[in-house]
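Note sheet for the following structure.
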Amino acid sequence: MDKRDIEMLVRRRVQELGLDMNPGVKKEYIIAANWKMNMSEKETKRFLEEMKAVHIADNIKVMIFPPYPYLHLFKENLRYEKIAYGAQDVAKEEKGAYTGEVSASMLGDMGCSLTIVGHSERRTYYGDTPQIVAQKAKAALTYQITPVVCIGETLDERQQQRYKEVLKEQLDAVYNEIGTKVGDCIIAYEPVWAIGTGVIPTLEQIYETHKYIFDVLKAYGLAHENIKILYGGSVNAKNVKEIASVEHVNGFLIGGASLKAESFKNIIGLASEV
Ligand code: 13P
């Protein structure tokens, strides 16, 4: 069986499961790289150099989230309007005596149009509660910076069938803080158990969960076109196409597989083929 046959089978399976969205209509995808605390200055420069030659199809938007110290390299070297960049976190406060924090206006100065908030690693290791995450999203929006709000359940919560409740709590906190401006955020669903583990949910689980998140956002009064839900957790070149075919998956937030330009470019190309 060659690559084409496998792709046909995957597509058929996705259609059989009823997970395909408007067959024939080219979906738009966001392909986002979260580098976490990886890469050096040298590696970042090389990555940006290699990204110059990338072809980005019309239906694809690329986003990169490097560590703070390398944001200036993006500001100075990135001349590609189809690639946006941002930080991995932002302070909830506007300014003042908050040692170690970086404010939304500072991110604006660095040319960021985006910031991640509420990544599970921040929630787990740095005490970012749903309320703090919501305040960070609000601070970002004040400076026209789009928050990519990460939500996701742990393995325990999934196994106890509590994931919907957990996701709703995380979303409600943001809605309570900023109301329908949630529509100005991008939501990234990242099951904690799939991050960096090589384990990914089944297509059915991804569909069911994205649909649930979509319905919660819809119930806040958001219009369909303002709802963007990324999937994150062990995404790579092998699984990106089948996950991309699932309805309500509007793109990906990628960790490990985004650290090499070659691999990231490959994923960008594959998503444009869906
Ligand atoms: P991996 O792609 O390495 O699993 O990381 C996902 C993630 O946490 C992106 O924010």
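Taken together, the values in this text are just the output of simple stated rules run on the coordinates, not laboratory data. The shown structure was predicted, so the numbers you read here are calculated from the model rather than taken from an experiment. Methodologically, a virtual Cβ is constructed for each residue, glycine included, from the backbone with ideal geometry; neighbour enumeration extends over all protein chains shown.
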Query raised in the report: Tally Lys/Arg at +1 and Asp/Glu at -1 over every other residue whose Cβ is under 12 Å from the Cβ of Arg46; what's the total?
Result: -1
Query - Total formal charge among the other residues, if their Cβ is under 15 angstrom from that of Tyr163, Lys/Arg +1 and Asp/Glu -1 - result: -4
Query - Percent antiparallel among DSSP beta bridges (both partners in the chain, rounded to 5) - result: 5
Query raised in the report: Among rounded, prolate and oblate, which fits segment 59-156 when a ≥ b ≥ c are the square roots of the eigenvalues of its C-alpha gyration tensor, a/c under 1.5 means rounded, and a/b larger than b/c means prolate?
Result: oblate
Query - Residue order, fewest to most beta carbons within 10 Å, for Tyr98, Tyr85, Tyr207 - result: Tyr98, Tyr207, Tyr85
Report summary line: Exposure-ranked with fewest Cβ neighbours within 10 Å first, Tyr68, Tyr212, Tyr231 stand as Tyr68, Tyr212, Tyr231
Query raised in the report: Using θ = phi - 60° and the Karplus curve 6.51 cos²θ - 1.76 cosθ + 1.60, what whole-Hz ³J(HN,Hα) does each residue of segment 159-164 get, with Gly and Pro shown as x?
Result: 5, 8, 6, 9, 5, 5
Requested in this report: Between Glu28 and Thr99, take the C-beta separation as r, use R0 = 35 Å, and let me know the FRET efficiency to the nearest 0.05.
Outcome: 0.30
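Can you check what the net charge comes to around Ala194, using other residues whose Cβ is under 11 Å from the Cβ of Ala194 (Lys, Arg +1; Asp, Glu -1)?
Residues close to Ala194 contribute a combined charge of -1.
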Query raised in the report: What FRET efficiency, computed as 1/(1 + (r/R0)^6) with R0 = 22 Å and r the Cβ-Cβ distance, is obtained for Met110 and Glu262, rounded to the nearest 0.05?
Result: 0.25
Requested in this report: List the residues whose amide H sits under 5 Å from the amide H of Thr146, counting only those 5 or more places along or on another chain, with H placed 1.01 Å from N in the peptide plane.
Outcome: Leu114, Thr115
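For Cα pairs less than 8 Å apart in space and 6+ apart in sequence, what is the mean separation divided by the residue count of segment 97-204, i.e. the relative contact order in percent?
Details: 130 pairs, mean separation 30.7, N = 108.
Here the relative contact order equals 28 percent.
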Requested in this report: Read phi for every residue in segment 205-213 and hand back ³J(HN,Hα) as whole Hz from Karplus 6.51 cos²θ - 1.76 cosθ + 1.60, θ = phi - 60°, with x for Gly and Pro.
Outcome: 5, 5, 4, 4, 6, 5, 5, 4, 4
Query raised in the report: Given charges of +1 on the Cβ of Lys and Arg and -1 on the Cβ of Asp and Glu, with all other atoms neutral, how large is the dipole of the chain about its Cα centre, in debye to the nearest 20?
Result: 440
**Report entry** Rg/Rh for the chain, where both radii come from Cα atoms and Rh is the Kirkwood radius
**Finding:** 0.95
